[in-house]
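The next block holds one structure in the form of structure tokens; read it before the comments.
Quick note: the coordinates plus some simple rules give every number you see, no bench work behind them. Source: prediction; values computed, not measured. With ideal geometry, Cβ positions are generated from the backbone for all residues, glycine too; neighbour counts draw on all protein chains shown.
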Amino acid sequence: MIAEFRILDGIVLIAYLAGMAAFGVYFAKRNTSTEAYFLGKRSFPGWAVGLSMLGTSISAVTFLAFPAAAYILDWRQLVANLMLPFVAVVAVLVFIPFFRRGGLTSAFEYLGERYGPVVRLYGTLSFLLLQIIRISKILFLVAIPVHILTGAPIVPVIAALGVFIGFYTVAGGIQAVIWTDVVQSIVLWLGGLFCFFAVIYRLPDGFGQVISVAAEADKFNIGSFDWDLGERTFWTIALLGIFSWLAHYTDQNFVQRYAASKSTREARKATIIYTAVAVPTWAFFFFLGTCVWVFYKVLPDAAVAGLEADQIFPYFILTQLPAGVAGLVIAGAVAAAMSSLDSSLNGIATIIVVDLLKPYLAKNRSDAFYLKTARWVAIAAGAIMVLGAILFEALPKESMNDLSWIVASVFGGCLVGLFMLGFFTVRADNFSVLVGLAIATLVNIYLGFALAGWVPEAWNPGIHAYWVGVLVNLLFVIVAYGISLFRRQRGKNLEGLTVWTLAK
């Protein structure tokens, strides 16, 4: 056991988890239709949706991996998150009106209307693959502090957390997801503040010592301003951040929240609230990582040298905070993970029912059938999540934040390109898009093999994993749009499907 188990910490954590389970039980009684289970009858206020969006995107990556990234390196990986406000403007003006039109439930219903069923299927399968990888990674990450707290082997911890999160998500649907996300966002901040004040209180010279020691070691560095796309410079991370946020704002987890809002105005309000709260949240948790680095620099602990980067912050929590308070902070880490995992499990269930079962695999069934199936899908996704987390535990990695970038880049597919081409052009049609997808997917597979070292060294283009997703999407857009320039326009009705044909 890395840290001594304290009964009071365990009691606080269990009490918090019991409260979250109660949400699932309470909202289970309200889910009498798929409309209620997937969208909460489209009745949520903007402020709740905004905090839910925060909960969905912060995850345990914010609570644990961001401090680890700042601890082991500096602040350069924060730069990607600073690009959020620029993309949020596009989301408010462009994306939300598209996804609110016609009572859509799934982001991929739009792709089907814009291009056709094959492209819709591609989008659906790409989303499912990326979400399974994402939730597996997050579950592994949140298992670390619980493993440290209890001393239990990490595999049973992963399994227990997966079962618990799956329970209230399956039972409560989107209503449980959104309202628990609101609570979890608040708990996340409380946990972070406890840690910050613990560092300041214990350092001999307080807050000023954090600033002076960290500045001397260049821990606030946001990357070189040289134009070198092969290194993690400021411009590299900024460009990757813009691409990443374009993907987030067209992601099913966000689109489902646009659709669940009371109105387009409330959906826009939610996005603005989310943007205003998210950037300070990410900056704060990077700063926490720097604070912990300074703490152990000034007050060395021999045990820290033997820990992985992602274990250091949990170790600090469990050895430097009072009993009970540490349990609440660990609850914040668990809350961060739960708010992402519940959203993804519900999103996976939504996509499989709306984009696979209803149009293709099980047409014209009763709503009760689809509701029951959605719950079974969420259960199955939870089981796969647990297996994936166990696999992540065995993978070598610099930090989970670094691994997150690589996973998103290599497995993200062409979804960003598909939505951008659909929104902003009228020429791209089904044929040109399918050819573009075929070529881009082959290149994506080749680059993935190159990164894995499965191609001869002479054939390895030497592209950093961060850039794979960007290059694949750019290639897709260039090929698909280029082909469309040589094709006769078929006169397909694009009313409401592009920025040029959206009704005012």
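Here are the numbers:
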quantity: Pair ILE211, ILE463: separation of 7 Å Cα→Cβ label points (nm); calculated: 4.4
quantity: Unsatisfied cross-links (Cα-Cα over 31 Å) in the set LYS269/LYS297; LYS137/LYS297; LYS358/LYS492; LYS137/LYS363; calculated: LYS269/LYS297; LYS137/LYS363
quantity: Global geometry of segment 178-309, whether rounded, prolate or oblate, following the gyration tensor of its Cα atoms and the 1.5 cut on a/c; calculated: oblate
quantity: Hz values of 3J(HN,Hα) by residue in segment 153-166 - Karplus curve (6.51, -1.76, 1.60), Gly and Pro given as x; calculated: x, 5, 5, x, 5, 4, 5, 5, 5, x, 5, 5, 5, x
quantity: Extension gain, SER366 back to LEU193 (0.36 nm per residue minus Cα-Cα distance, nm); calculated: 57.4 nm
quantity: Relative contact order computed over the chain (Cα-Cα under 8 Å; 6+ residues apart), in percent; calculated: 31
quantity: Rounded to the nearest 20 debye, dipole of segment 26-122 from Cβ charges on Lys, Arg, Asp, Glu; calculated: 320
quantity: Summed residue charge, Cβ within 11 Å of GLY46's Cβ, Lys/Arg positive, Asp/Glu negative; calculated: +4
quantity: ³J(HN,Hα) computed for each position of segment 208-217 - Karplus, 6.51 cos²θ - 1.76 cosθ + 1.60, integer Hz, glycine/proline x; calculated: x, 5, 4, 5, 5, 5, 5, 5, 4, 8
quantity: Helix axis angle, 367-394 relative to the chain longest principal axis, alpha carbon, degrees; calculated: 50
quantity: Excluding exposed DSSP-loop chymotrypsin sites (Phe, Trp or Tyr not before Pro) (at most 11 other C-beta within 10 Å), longest clean stretch of the chain; calculated: 228-453
